[in-house]
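Asks: So that we are looking at the same thing, I have put the structure below in structure tokens.
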Amino acid sequence: MNKPDDHMFVIFGASGDLTKRKLVPSIYSLFVLDLLPKKFALLGAARSEYSDDEFRSNMKDAINEFGEHEDKSRIDDFLNLLYYQPYDSSEDSINKLKKKLDDLRKGNSISGNTVYYLSTPPSLYSTIPQSLASVDLNKEEDGWKKVVIEKPFGYDLESAQELNSKLMKDWHEDQIYRIDHYLGKETVQNLLVTRFSNGIFEPLWNRNFIHHVEVTSAESIGVEERGGYYESSGALRDMVQNHLLQVIGLTAMEPPSSVEPAAIRNEILKVFQSLRPIKEEDVKNCVIRGQYLSSTIKGEKVKGYREEKGVDPDSSTETYAAIKFYIDNWRWGGVPFYIRTGKRLPTRVTEVVIHFRPTPHFLFQQEDFCNTCNQLVIRIQPDEGVLLKIGMKTPGAGFDVQNVNMDFHYSDLSEQRIPSAYERLIYDAMNGDTTLYARSEEVMEAWKFLMPILNAWKNDSSIPLYGFPAGTWGPEKADSLIEEPEMTWRYPCKNLSDDGIYCEL
């Protein structure tokens with residue numbers, strides 16, 4: 001793997017939870033793996049009044065607690081690369097931050113190359129880049145400049161367009177990295193490899209052989225301490241607009257002309273542009289929303305969503321969303337896609353399921369139409385891997401057929417270390433690889449697709465919000481989205497190869 005160019009890495013919001021849990025531990029892993037440049041320094045910036053040594057002490061604790069790399073022997077060497085500058089978005093503080101950067105560059109002989117990472121509230125996503133530009137910290141005469149922005153990129157289409165417009169006044173598209181940590185997961189990237197490096201899959205990856213495609217992203221936890229944030233977000237904005245539509249893009253895209261970032265992102269954009277618009281009046285027929293209710297799970301009483309801290313007792317915010325939609329192009333014409341996501345479901349799991357069409361003539365005795373169609377399951381988390389479900393003869397007389405699993409688990413690669421999503425994405429940003437980052441057109445097309453749903457929920461009080469007991473797979477009504485009455489969602493377990501509603505969770 002190539003080392004990035006010498007550069008400065010600036011984290012805004014450096015005293016926050018994301019920096020402690022993900023960002024600095026991921027950069028430490030890159031340091032241990034010798035993937036940082038020879039000349040490198042990290043500058044933390046936040047409202048907290050830390051000295052360099054206090055910041056280093058905090059980050060040492062963070063690496064020890066959250067670091068994924070087993071080698072902790074080089075922490076002290078890494079901490080020597082860390083610095084801190086208080087920052088509050090004022091004109092005075094941006095001038096002080098610029099001076100600190102200039103001093104660090106001179107003291108460490110580092111060029112003007114800089115990554116600015118915004119680990120901040122969304123309200124600062126335009127403010128900080130504007131402040132940087134006001135003192136020419138966006139100029140590239142002395143080296144490249146990149147700004148990494150966390151989700152959410154806007155609250156709706158209008159706010160996303162407004163944010164993009166503000167950014168584009170001082171930065172160009174190649175400088176902006178819209179991060180989606182889902183795309184940093186090895187198994188998400190493996191979607192491309194599974195499809196385009198295997199001759200047994202790609203010829204079947206179309207409407208002639210695939211019955212439908214299903215994407216599930218479930219969490220077993222509730223909103224915990226994020227009730228206030230979640231009230232303004234909901235499952236659709238929190239998960240579907242970014243994470244799951246990007247997964248759909250990788251699943252449904254055409255073969256790119258190369259593995260260059262632009263080629264891959266162009267094909268993902270084409271998928272988004274081909275999404276069949278959902279009319280507001282059709283939302284009640286193809287979208288199901290739900291909200292978890294209080295329940296008892298394994299003998300423990302858990303709160304309903306409206307009982308969570310920071311949540312309106314009369315809240316209509318969805319904690320579960322399921323959507324049926326189509327991609328109108330030659331490859332996927334007529335093939336339904338299904339997405340579901342929710343909190344307080346039976347287990348934490350994210351996976352893509354390709355449901356192949358049944359054989360045109362059933363020669364053998366089959367117990368269940370639903371369970372005898374071939375499935376390819378690409379598990380993103382946990383127990384990452386790939387599972388192929390095929391029919392085999394049941395031992396004994398006759399030709400009864402049962403499903404069996406052919407599976408591969410990433411854990412079987414005992415000698416291979418799987419990097420964290422943030423580790424991969426930060427490394428890509430340092431190297432200027434935008435493959436796994438969303439382009440502005442992708443973000444806007446995703447919002448365009450979802451706005452009729454959000455508007456219908458806002459304007460049509462007749463659209464139900466289904467309650468469902470915490471610890472179940474969401475509203476029963478969601479089963480009606482699947483076209484054939486004998487077919488239903490796959491009910492995954494923590495273990496990739498296990499199936500069924502009653503599996504051990």
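The values are calculated or read from the model by the stated rules, or taken from the named source; none is laboratory data. Because the structure is predicted, anything quoted here is derived from the model rather than measured. In this analysis, Cβ positions are derived from the backbone assuming ideal geometry, glycine residues included, and neighbour counts consider all displayed protein chains.
Asks: Restricting attention to strands (runs of 3 or more DSSP E) lying wholly within the stretch 299-344, give those where 1 or more residues are of a type outside the set (Val, Ile, Thr) and surrounded by fewer than 16 Cβ atoms within 10 Å (Cβ to Cβ).
Replies: Hits in the stretch 299-344: 300-302.
Asks: With the requirement that a residue be under 24 Å from the mean Cα position of the chain (by Cα) and over 23 Å from residue 334 (Cα atoms), what does the stretch 195-214 give you?
Replies: 197, the sole residue that qualifies.
Asks: Regarding the stretch 278-295, can at least one residue be identified that is among the hydroxyl-bearing types (Ser, Thr, Tyr), over 23 Å from residue 234 (Cα atoms) and not in a helix (DSSP H, G or I)?
Replies: Checked against the condition, which is being among the hydroxyl-bearing types (Ser, Thr, Tyr), over 23 Å from residue 234 (Cα atoms) and not in a helix (DSSP H, G or I), the stretch 278-295 yields no hits at all.
Asks: With the condition kept exactly as written, say whether any residue in the stretch 63-77 is of a type in the set (Val, Ile, Thr), surrounded by 15 or more Cβ atoms within 10 Å (Cβ to Cβ), outside the structural domain of residue 246 (by TED's automatic domain parsing) and under 30 Å from residue 244 (Cα atoms). Before you say what the answer is, go through the steps one by one.
Replies: Applying the first criterion (of a type in the set (Val, Ile, Thr)) to the stretch 63-77 yields 63, 75.
This time we only want the ones that are surrounded by 15 or more Cβ atoms within 10 Å (Cβ to Cβ), so: 63, 75.
Remaining after also requiring outside the structural domain of residue 246 (by TED's automatic domain parsing): 63, 75.
Those still in the list that are under 30 Å from residue 244 (Cα atoms) too: 63.
Looking through the stretch 63-77, at least one residue is of a type in the set (Val, Ile, Thr), surrounded by 15 or more Cβ atoms within 10 Å (Cβ to Cβ), outside the structural domain of residue 246 (by TED's automatic domain parsing) and under 30 Å from residue 244 (Cα atoms).
Asks: Taking the condition of being free of Cβ contacts under 8 Å to residues at least 12 places away in the same chain and on the phi > 0 side of the Ramachandran plot, how many residues in the stretch 105-154 meet it?
Replies: The total comes to 1.
Residues checked against (1) under 16 Å from the mean Cα position of the chain (by Cα); (2) outside any strand (DSSP E or B); (3) at pLDDT 85 or above:
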| position | (1), (2), (3) |
| --- | --- |
| 352 | yes, no, yes |
| 358 | no, yes, no |
| 361 | no, yes, no |
| 383 | no, yes, no |
| 386 | no, no, yes |
| 405 | no, no, no |
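Asks: For the stretch 78-93, name all the residues that are in contact (Cβ under 8 Å) with a residue 40 or more places away in the chain and within 17 Å of residue 58 (Cα to Cα).
Replies: 78, 81, 82, 83, 84, 85, 86
Asks: So, one more: Taking strands (runs of 3 or more DSSP E) that fall entirely within the stretch 1-107, which contain at least 3 residues that are among the hydrophobic types (A, V, I, L, M, F, W, C)?
Replies: In the stretch 1-107, the matching strands (runs of 3 or more DSSP E) lie at 7-12, 40-46.
Asks: Looking at residue 297, is it assigned by TED's automatic domain parsing to the domain that holds residue 216 and touching a Lys or Arg at 6+ places or on another chain (Cβ under 8 Å)?
Replies: no
Asks: What pairs come up if the first residue lies in the stretch 238-255 and is assigned to a loop (DSSP other than H, G, I, E, B) and at pLDDT 90 or above, the second is crowded, with 24+ Cβ neighbours inside 10 Å and not hydroxyl-bearing (Ser, Thr, Tyr), and their beta carbons are under 7 Å apart, counting only those six or more places apart or on different chains?
Replies: Note: pairs meeting the criteria are 253/268.
Asks: Does the stretch 208-233 hold any residues that are under 11 Å from residue 152 (Cβ atoms) and not aromatic (Phe, Trp, Tyr), and which are they?
Replies: Answer for the stretch 208-233, where residues must be under 11 Å from residue 152 (Cβ atoms) and not aromatic (Phe, Trp, Tyr): 232, 233.
Asks: Name the residues in the stretch 259-307 that are among the basic types (Lys, Arg) and on the phi > 0 side of the Ramachandran plot, would you?
Replies: Selection gives 298 alone.
Per-residue answers, yes or no, for (1) closer than 20 Å to residue 16 by Cβ; (2) of a type in the set (A, V, I, L, M); (3) in contact with a Gly (Cβ under 8 Å, 6 or more places away or on another chain); (4) assigned to a helix (DSSP H, G or I):
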site: 110; (1), (2), (3), (4): no, yes, no, no
site: 116; (1), (2), (3), (4): yes, no, no, no
site: 120; (1), (2), (3), (4): yes, no, yes, no
site: 123; (1), (2), (3), (4): yes, no, no, yes
site: 132; (1), (2), (3), (4): yes, yes, no, yes
site: 137; (1), (2), (3), (4): no, yes, no, no
site: 141; (1), (2), (3), (4): no, no, yes, no
site: 147; (1), (2), (3), (4): yes, yes, no, no
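Asks: Residue pairs, Cβ under 7 Å, 6 or more apart or interchain, first in the stretch 2-28 and in contact (Cβ under 8 Å) with a residue 40 or more places away in the chain, second charged (D, E, K, R) and surrounded by 22 or more Cβ atoms within 10 Å (Cβ to Cβ). List them.
Replies: What qualifies is 26/423.
Asks: Could you please let me know if residue 38 is of a type outside the set (Phe, Trp, Tyr), without any contact (Cβ under 8 Å) to a residue 40 or more places away in the chain, under 25 Å from residue 184 (Cα atoms) and surrounded by fewer than 22 Cβ atoms within 10 Å (Cβ to Cβ)?
Replies: In short, yes.
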